[in-house]
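The values are calculated or read from the model by the stated rules, or taken from the named source; none is laboratory data. This structure is a prediction, so every number in the text was calculated from the model and none was measured. Methodologically, a virtual Cβ is constructed for each residue, glycine included, from the backbone with ideal geometry; neighbour enumeration extends over all protein chains shown. Surface accessibility is based on the protein's heavy atoms, side chains included, excluding ligands, DNA and RNA. Shrake-Rupley method; radii C 1.70, N 1.55, O 1.52, S 1.80 Å.
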Amino acid sequence: MKLSHHSSSASCLFPTVAFRLLDYPTIAVNLLDDFEANELKQRLNIQESFKNIEMLPCFSDLLDRDGRYIFSKGKSCLFRCDLESLRSHLNNAPMYLMLLDTFFQPYKLVGTALVPLNNLINEIYDETSVQIEK
């Protein structure tokens, strides 16, 4: 997968999305589980990176027909705090996202982003407040 931002670009073979929210530990969601990743690496027997490695057919097989990675996994969580407190925290602290390439050791940081959650938590708060009033 080629990622572009302005004039720079980077490739990513085994994308992993890691996110950190508030003071909770960082959570990583891998495209492939460890078994699938090791099996593919053994079939390729590649020890170090080389130019245009992402052009190998096995990597394009990881993409959907539109050239995107589909993570068929996700994370959910429950917060053990009241909604008002959670709303206050999320209005002041964005979620931190990192995209890592986990094909080679050490893992390569491909990109980062801050995702503000204030609009989302405010919508949840408003919907929950209406439901509680009923």
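What to note about this one:
- Residue count for the range 123-134, restricted to those that are surrounded by 13 or more Cβ atoms within 10 Å (Cβ to Cβ) and in contact with a helix residue (DSSP H, G or I) (Cβ under 7 Å, 6 or more places away or on another chain): 1
- Residue count for the range 79-114 satisfying the condition of being without any contact (Cβ under 8 Å) to a residue 40 or more places away in the chain and open to solvent by less than 50 Å² (accessible area, probe 1.4 Å): 3.
- Residue within the range 15-25 that is of a type in the set (Ser, Thr, Tyr), surrounded by 13 or more Cβ atoms within 10 Å (Cβ to Cβ), at pLDDT 75 or above and under 19 Å from the mean Cα position of the chain (by Cα) present: yes
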